[in-house]
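As structure tokens, the structure follows; a few thoughts come after it.
The values are calculated or read from the model by the stated rules, or taken from the named source; none is laboratory data. Source: prediction; values computed, not measured. Heads up, the Cβs are rebuilt from the backbone with ideal geometry, glycines too, and the neighbour counts pull from every protein chain shown.
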Amino acid sequence: MNQLNPLAEKWLSIVLTTPFNATKHIHSHQDEVYKIETPSGCYYLKISKSLKAEHDNLKKLEGILNAPRVINFYNADEKDYLLISELPGKNLVELIGEWTKLEVVEKFAQAIRHLHSVDVAKVFPHASTNDVLSHGDMALPNIIISDQSKVGFIDFGQLSCGSPELDLADAIWSLQRNLGPGYGEIFLKKYGAVAITPKIQKALKFKYHSPESE
Ligand SMILES: Nc1ncnc2c1ncn2[C@@H]1O[C@H](COP(=O)(O)OP(=O)(O)O)[C@@H](O)[C@H]1O
Ligand SMILES: [Mg+2]
């Protein structure tokens, strides 16, 4: 559906109290994602069966990480509607044409290193000492880079704490999907010292096949 449903239209007009224009985002796949433009700024609206976890996770990250703010949340007709602030900029897939592939890999690694350096206990008080903040869906389209090169993170439905290898393996998959094979090792080098666990090893091996072949 490229047009917002009437229920969402009505809810947004109450919440925003201003005229708005909704455009379906071309990169959204799992959820319906719309960019909402108003005279005073932009927002994003996600519509899906369950967005409660993403809502709760974004609340936990407020003031800790550059991630969207929750503006409003609504449930109707067995769907969740999550309205969040825009992180202005472009996601790392949109930057592939503008930057060299190596620049994309380097920024991706830097972003994940930053995420993993956050004090995890502020978000998960019961985390173990070796745990890091784990995004859970670490992929190039989920990193937003502003014009000033500031890094932002979105799509937090699967936030948890745990070993860095979870995000690193996902990141290697994403690099292969979006940049092609052969960037895994460079990525890990840019990220910094990391143990090559079987999970990471497995992700690196996929560079010799297409991900669909597995
Ligand atoms: N708050 C936001 N600020 C800027 N861009 C966003 C925001 N939310 C979503 N987007 C854009 O929409 C795309 C899809 O949103 P995302 O939350 O990642 O949905 P999905 O669960 O479908 O991956 C992102 O890759 C990004 O380009
Ligand atoms: Mg996403």
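Restricting the range 32-60 to residues that are more than 16 Å from residue 7 (Cβ to Cβ) and part of a loop (DSSP other than H, G, I, E, B) leaves a set whose member that is nearest to ligand 2 (Cβ to nearest atom) is 50.
Of 36, 84, all but one fail to be at negative phi, near ligand 1 (Cβ under 8 Å from one of its atoms) and surrounded by 16 or more Cβ atoms within 10 Å (Cβ to Cβ); the exception is 84.
Out of the range 82-94, which residues are part of a loop (DSSP other than H, G, I, E, B) and more than 15 Å from ligand 2 (Cβ to nearest atom)? Spell out the reasoning first.
Going residue by residue through the range 82-94, those that are part of a loop (DSSP other than H, G, I, E, B) are 86-89, 92-94.
Hit for the range 82-94 is 88, nothing else.
Of the residues making up the range 130-183, those that are touching a Pro at 6+ places or on another chain (Cβ under 9 Å), within 15 Å of ligand 2 (Cβ to nearest atom) and among the polar types (S, T, N, Q) are 174, 178. The residues of the range 130-150 that are closer than 22 Å to residue 194 by Cα, surrounded by fewer than 21 Cβ atoms within 10 Å (Cβ to Cβ) and within 15 Å of ligand 1 (Cβ to nearest atom), listed by number, are 136, 137, 139.
Limited to the range 134-166, what total is found for residues that are of a type in the set (A, V, I, L, M, F, W, C) and under 18 Å from residue 105 (Cβ atoms)?
The qualifying residues number 8.
Annotation note: Cβ proximity below 7 Å between a residue of the range 127-144 that is under 15 Å from residue 54 (Cβ atoms) and free of Cβ contacts under 8 Å to residues at least 60 places away in the same chain and a residue that is within 11 Å of ligand 1 (Cβ to nearest atom) and among the small types (Gly, Ala, Ser) (sequence gap 6+ or interchain) occurs for 137/157.
Within the group 60, 90, which residue is within 10 Å of ligand 1 (Cβ to nearest atom) and at pLDDT 95 or above? First the steps, then the outcome.
Details: 60 fails: within 10 Å of ligand 1 (Cβ to nearest atom).
Selected residue: 90, the only one of 60, 90 that is within 10 Å of ligand 1 (Cβ to nearest atom) and at pLDDT 95 or above.
Look at the range 157-175: where a residue is not assigned by TED's automatic domain parsing to the domain that holds residue 119, no partner that is away from ligand 2 (no atom under 16 Å from the Cβ) sits 6+ places away or on another chain with Cβ atoms under 6 Å.
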